[in-house]
Amino acid sequence: MNNSLSNSKNLLVMKFGGTSMGSADRIKVAAKLTTDQHAKRPVAIVVSAMSKVTDLLLDSMKKAEAGDEAGLEANLAALTEKHETCCKQLLPEAAQKAALDGVHTLIGEFSKIVKGMLLLGERPLPATDRAVAIGERLSALMIAAYIESQGTPAVAVNAAQVIATDMVFGNATPLMEETRERAAKVIGPLFAKKTLPVVTGFNASTLDGRPTTLGRGGSDFSASILAAALDAEELWIWTDVDGIMTADPRLVPDARVLDEITYAEAAELAYAGAKVLHPRTLAPLVEKGIPVWSKNSFAPEKPGTRIVPQIHAEGGPHAVTSMKDVALVSIEPIGSTISGARLMAEALHALDAADVELLAITSSSYRQNFCFLIKLSELDRALKQLQEEFAIELAHGYVKAPEVDTEVGLLAVVGEGMRGTAGLAGRIFTAISRENINIIAIAQGSSELTIAIAVRRSGLENAVRAVHQECGLSGK
Ligand code: ADP
Ligand code: ASP
Ligand code: MG
């Protein structure tokens, strides 16, 4: 191993999400949690933008594209005010000027890019990634300045210097070998100097240095990429709830915190809509089995949830999650001229070509029809590509035009070994029907861990509560 990285034995990587970075007071708490650990072992932290800042940046770019100059100026003023206020409340007098200069430089960089967008009436993806990364660069700058002002050497590191990715702007995938090399070069020397690295979440760069981002909520993923690249001993993800829960507590008031879950369960939950983790967070950690803790920065004394490769606990349903912004697309051949299998292959090809994530798929052998669920935000792209893929079949009347239902929601029950639980599916369906909620499609199947059910959107929240109760997950 690289010499400088060998100084980072027992390394702890910690990630602070948007709410944990949401104000000067929250940043002080995050800094204290960091320095408490740093006194005992090497630590690197990964930070999100202050809460709502990423939305504000993206909204500014939309306004620029639409030519809304006044709206854009108002957003820039709000962005500046938020960070200026935070610096003033956070930092001692002596440290304020340098931090404020840094904030103004970064907002200046953002403003230059959005003004270019305003001029062009366009917001190209690469420029969007370059601009949206400013949110994390601002928060990293502020917390690093604060930690320094409290006597611990710390430096803000732009993850574009550390995490290497492919060129899929907006949803990039890390290149782990290159990331390891970059991390050894950039972060290694900081550990050697006992300086605490404060790395921006969410952003990265291509091999030739063009800024990329890892998808919304991507700071969790940044932290796990970094933990893997630096051979960390543990990853702690600080958020605003007590850990991974049996359901989103905003939807199910009696949801309970899970002590422990497996990587696979956490990943299934995240892919099925549990916002508490970015869906790809666990992937980089699998090889080394690095354990993750999900913890509450508002109640740090609570143990949180431990996410590990395997647990010995009983199988069965552990959590229920849901996604409301989904669409159901149904495809049906006309007559028997064309096989359902061939149509399905073409449809899947179209989704892949359009980079659309398939949430669930189900088919009927009798009518050879099938339907699949995708995110509402990807529907237009999917339909366009399906029209192209089926151009000939549509023209010859071999297939009906795809039917779209946008009034659906996806509910998923997740748990290791769930498939072995006799009668579970039946109980889940009954619980949903008891609430008079229409089940539209069932997509158990490929995964041992998940039963996914599409229901009428209007009934989704009630369905989640009913299934949570039926599976015995409610808090005592
Ligand atoms: P952060 O800004 O720290 O990344 P997020 O807002 O992305 O935090 O994720 C935390 C939120 O995830 C919680 O406030 C909670 O409402 C939501 N959530 C959804 N499903 C779950 C779940 N199963 N367990 C815990 N939180 C969940
Ligand atoms: N700030 C980014 C977002 O809001 C990344 C993150 O917070 O994880 O999506
Ligand atoms: Mg998040």
>> Using a 7 Å offset from the Cα along the Cα-to-Cβ direction at both VAL404 and LEU358, what is the distance between the two label points in nm, to one decimal?
In response: 2.0 nm
> If you stretched the chain out fully between LYS32 and LEU376, how much longer would it get, using 0.36 nm times the residue separation minus the C-alpha to C-alpha distance?
Replying inline: 119.8 nm
>> Placing one identical point scatterer on every Cα of the range 321-456 and ignoring solvent, what is log10 I(q)/I(0) from the Debye formula at q = 0.11, 0.16 Å⁻¹?
In response: -0.43, -0.85
> Taking only C-alpha pairs under 8 Å that are 6+ residues apart, what is the relative contact order of the chain in percent?
Replying inline: 13 percent
> Using the count of nearby Cβ atoms within 10 Å as a rough guide to exposure, how do TYR271, TYR398, TYR366 rank from fewest to most?
Replying inline: TYR366, TYR398, TYR271
> Can you list the residues, at least 5 places off or on another chain, whose amide H is less than 5 Å from the amide H of ALA154, using H built in the peptide plane?
Replying inline: GLU148, LEU196
> How large is ³J(HN,Hα) for each residue in the range 416-432, as worked out from phi by the Karplus curve 6.51 cos²θ - 1.76 cosθ + 1.60 (θ = phi - 60°), to whole Hz, x for Gly and Pro?
Replying inline: 4, x, 5, 4, x, 7, 4, x, 4, 4, x, 5, 5, 5, 4, 4, 5
> How about the range 247-328: which GluC sites (Glu not before Pro) there lie in a loop by DSSP and see at most 15 other Cβ atoms within 10 Å?
Replying inline: GLU287, GLU301, GLU314
>> Can you compute the FRET efficiency between ALA77 and ASP240 using 1/(1 + (r/R0)^6), with r the Cβ-Cβ distance and R0 = 25 Å? Round to the nearest 0.05.
In response: 0.35
> Using the alpha carbon gyration tensor of the range 223-377, what are the three equivalent-ellipsoid semi-axes (square root of 5 times each eigenvalue), largest first, in whole Å?
Replying inline: 37, 18, 14
> When only Cα pairs under 8 Å and 6 or more residues apart are kept, what is the percent relative contact order across the range 59-129?
Replying inline: 52 percent
> All other residues with a Cβ under 13 Å from the Cβ of ARG465 taken together, and with Lys, Arg as +1 and Asp, Glu as -1, what is their net charge?
Replying inline: -3
> Each label point is 7 Å from the Cα along the Cα-to-Cβ direction; what then is the distance between the points at ALA425 and ASP254, in nm?
Replying inline: 2.8 nm
> What ³J(HN,Hα) values, in whole Hz, does the Karplus curve 6.51 cos²θ - 1.76 cosθ + 1.60 give for the range 104-114 when θ = phi - 60°, with x put for Gly and Pro?
Replying inline: 5, 5, 5, 5, x, 5, 4, 4, 4, 5, 5
> How much net charge surrounds ALA64 when only the other residues with a Cβ under 11 Å from the Cβ of ALA64 are counted, with Lys and Arg +1 and Asp and Glu -1?
Replying inline: -2
> Can you give the charge dipole size of the range 427-474 about its Cα centre, rounded to the nearest 20 debye, using +1 on the beta carbon of Lys and Arg and -1 on the beta carbon of Asp and Glu?
Replying inline: 140 debye
> ASP101 to HIS312: FRET efficiency via 1/(1 + (r/R0)^6), r the Cβ-Cβ distance, R0 56 Å, to the nearest 0.05?
Replying inline: 0.55
> When only C-alpha pairs under 8 Å and at least 6 residues apart count, what is the relative contact order of the range 357-435, in percent?
Replying inline: 15 percent
>> Using a 7 Å offset from the Cα along the Cα-to-Cβ direction at both LYS275 and ASP25, what is the distance between the two label points in nm, to one decimal?
In response: 2.2 nm
> Shape call for the range 233-325 from the C-alpha gyration tensor, a ≥ b ≥ c root eigenvalues: rounded (a/c under 1.5), prolate (a/b greater than b/c) or oblate?
Replying inline: rounded
>> Students often get this wrong, so check it: of LYS32/LYS63; LYS82/LYS384; LYS63/LYS194; LYS63/LYS375; LYS28/LYS193; LYS185/LYS324, which have C-alpha atoms separated by over 32 Å?
In response: LYS32/LYS63; LYS82/LYS384; LYS63/LYS194; LYS185/LYS324
> Under the Kirkwood approximation applied to all pairs of distinct alpha-carbon atoms, what is the hydrodynamic radius of the chain in Å?
Replying inline: 23.9 Å
> Got a sec? Charge dipole of the chain, +1 on Cβ for Lys and Arg, -1 for Asp and Glu; which of THR35, ALA443, ILE374 is way out at the positive end?
Replying inline: THR35
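No lab work stands behind these numbers, since they all come straight from the coordinates. Model, not experiment: these values are computed from the prediction. Using ideal geometry, Cβ is built from the backbone for each residue, glycine included, and neighbour counts are taken over all protein chains shown.
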